[in-house]
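This report refers to the structure that appears directly beneath it.
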Amino acid sequence: MTDAKYDVLGIGNAIFDVLVHADEAFLARHGMTKGSMALIDEARAAAIYADMGPATEMSGGSGANTIAGLASLGARAAYVGKVKDDQIGRMYRHDIRAAGVTFDTVPAADGPATGCCYILVTPDGERTMNTYLGAAQNLTAADIDPAQIAAARFIYLEGYLWDPKDAKDAFVKAAAIAHDAGREVALTLSDSFCVDRYREEFLDLMRGGTVDLVFANEAELHSLYQTSDFDGALKQLREDATLGIVTRSEKGCVVVSNDGVISVPAHPIESLVDTTGAGDLFAAGFLFGLVRKTGYEMAGRLGGLAAAEVIQHIGARPQVSLKELAAQNGLKV
């Protein structure tokens, strides 16, 4: 195995985030399930946007948020995702490159607009997402550069990629190239409703060795194994994945592997503002720990620190240098 040019390369839906504070009545009025991610068409996107108040707009997408977090920690990071060559797409490309991420995916010249996610943040900090995939769903296997994939130590894949058929093919192609090059492949389950849609396929990816590392939160874990028994589900995850990482909000995280089970407490926060990106940034910190070979406990602490930073402000990207924040908290690696 040759030396890696990148520490982590992420592949995901390149989505522009539109965030706004909203009350429960707004969710009810639009028939939204609080805390979920729903795929919407262009007409519904327009209807939601028209009813939203003043918004905060920024580049997003689950996998891209993770990769931006890794770059903030000091990792060599790259991203693959599809945008259109439109105004929002150009903003997206600028933002992720400005974050220190290599982003070379050729934008679409025609077809649907760059994807957008309309995120409603309720007073309790919970986020409810409505995603118009747009150009993101047109990511195909042709967008996967074998040399770039083989040059990354870890490949990080979004569960959301399993929605568009062509993106699914890109996902599988990238995983095969990575394994042929002796690299490791990580998957985030993304959302419990996403797991509901593709439970058996996700289990096949894990049990068949297409993915090595699995990130999930409690809701996703329970959905995956269709049980409310956390310990039972955790035991099953340990059997199905080489490495499983389960986030538990204020309870921290649990890491399961052949070596055993490790629990890591959450990083303390002063106030919860917006949970958007919490899992994404946790994955960034944890993967950075793996890159630096810190051990699972330190990786969990780095993940908790990154998640704590992002949930204390609006938006899913860090607003300070995570590398400096880690050093300030005695987590310099």
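The values are calculated or read from the model by the stated rules, or taken from the named source; none is laboratory data. Everything numeric here is computed off the predicted structure, so don't read it as measured data. Methodologically, a virtual Cβ is constructed for each residue, glycine included, from the backbone with ideal geometry; neighbour enumeration extends over all protein chains shown. Heavy atoms of the whole protein, side chains included, go into the accessibility calculation; ligands, DNA and RNA do not. Shrake-Rupley method; radii C 1.70, N 1.55, O 1.52, S 1.80 Å.
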Matching residues, segment 315-333, being touching a strand residue (DSSP E or B) at 6+ places or on another chain (Cβ under 8 Å) and buried (at least 22 other Cβ atoms within 10 Å of the Cβ): 316, 317
Every residue from segment 70-87 that is assigned to a helix (DSSP H, G or I) and over 17 Å from residue 317 (Cα atoms): 87
Kindly indicate the residue of segment 149-181 that is touching a Lys or Arg at 6+ places or on another chain (Cβ under 9 Å) and among the charged types (D, E, K, R) and also nearest to residue 41 (Cα to Cα) among those meeting that condition. 163
Name the pairs whose Cβ atoms lie under 7 Å apart, with the first residue in segment 195-206 and touching a residue at least 24 places away in the same chain (Cβ under 8 Å) and within 15 Å of residue 227 (Cβ to Cβ), the second aromatic (Phe, Trp, Tyr) and surrounded by 14 or more Cβ atoms within 10 Å (Cβ to Cβ), and 6 or more positions between them or separate chains? 195/202
Pairs under 9 Å by beta carbon, first residue farther than 16 Å from residue 326 by Cβ in segment 302-315, partner open to solvent by less than 10 Å² (accessible area, probe 1.4 Å) and in a helix (DSSP H, G or I), six or more apart or different chains? 311/281
Out of curiosity, is residue 233 at negative phi, open to solvent by less than 10 Å² (accessible area, probe 1.4 Å), in contact with a strand residue (DSSP E or B) (Cβ under 6 Å, 6 or more places away or on another chain) and not basic (Lys, Arg)? no
Residue check, residue 27 modelled with pLDDT of 95 or more, buried (at least 16 other Cβ atoms within 10 Å of the Cβ) and under 30 Å from residue 157 (Cβ atoms): yes
Checking residue 190 against (1) modelled with pLDDT under 95; (2) loosely packed, with under 14 Cβ neighbours inside 10 Å; (3) touching a helix residue (DSSP H, G or I) at 6+ places or on another chain (Cβ under 8 Å), the condition it does not meet: (2)
Candidates 260, 252 - the one that is surrounded by 16 or more Cβ atoms within 10 Å (Cβ to Cβ) and either at pLDDT below 95 or of a type outside the set (A, V, I, L, M) (or both): 252
Taking into account only those residues within segment 141-171 that are at pLDDT below 95 and surrounded by fewer than 18 Cβ atoms within 10 Å (Cβ to Cβ), which is nearest to the chain's Cα centre (by Cα)? 168
If you go through segment 68-119, how many residues are open to solvent by 50 Å² or more (accessible area, probe 1.4 Å), in contact with an Asp or Glu (Cβ under 8 Å, 6 or more places away or on another chain) and β-branched (Val, Ile, Thr)? 1
Qualifying residues in segment 45-67 (those that are polar (S, T, N, Q) and buried (at least 20 other Cβ atoms within 10 Å of the Cβ)) - the one modelled with the lowest pLDDT: 59
